[in-house]
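Notes for the one structure printed next.
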Amino acid sequence: MTKAHQDLRGWILYDGSCGVCSKWVPFWSSTLARQDLGFAPLQADWVKGRIDMPEEELLQDLLLLLATGEVIKGPDVYRHVMRHAWPLWPLYLFSVIPGISQLFDWSYRTFANHRYEVSAACRLPAEYTKSDESD
């Protein structure tokens, strides 16, 4: 991990074997940088060394690893980023309204469970392949 990484408030960790994730998270790099957040694929060696989770569980969700060591998972990662980006703050408020929050969570989980099919249908190449993960 570089000095620049050590100065960050946290890291958004995405599934590099998902084409959508490999495009979506870097697309938001400037928004993340304004929040002192970096990003990296979950398959990165340093990530596996910092988060003590079985690989199958590690790859289930988008994660936010804060510099404090706290890990935020799934739809709460989106809420965290939206809450700290003033243009997205209204979306954050919307995402925590009772009833709507369950719909937000369900939408996240539905996409997460089908992200490989979406990537294949959209012909989005993954950053990592299964063979990269086993190296």
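The values are calculated or read from the model by the stated rules, or taken from the named source; none is laboratory data. Predicted model, so just to flag it, every value in this text is computed and none were measured. Every residue, glycine among them, receives a Cβ derived from its backbone with ideal geometry; neighbour counts consider all protein chains shown.
Quick notes on this one:
- Selection within the stretch 18-42 - modelled with pLDDT of 90 or more and of a type in the set (S, T, N, Q): Q35
- G74 vs. criteria on the phi > 0 side of the Ramachandran plot and either exposed (fewer than 11 other Cβ atoms within 10 Å of the Cβ) or among the charged types (D, E, K, R) (or both): no
- Single residue of the stretch 17-43 satisfying the filter (of a type in the set (A, V, I, L, M, F, W, C) and in a helix (DSSP H, G or I)) that is surrounded by the most Cβ atoms within 10 Å (Cβ to Cβ): C21
- R34, sole failed condition from (1) over 20 Å from Y116 (Cβ atoms); (2) in contact (Cβ under 8 Å) with a residue 24 or more places away in the chain; (3) charged (D, E, K, R); (4) in contact with a Leu (Cβ under 8 Å, 6 or more places away or on another chain): (4)
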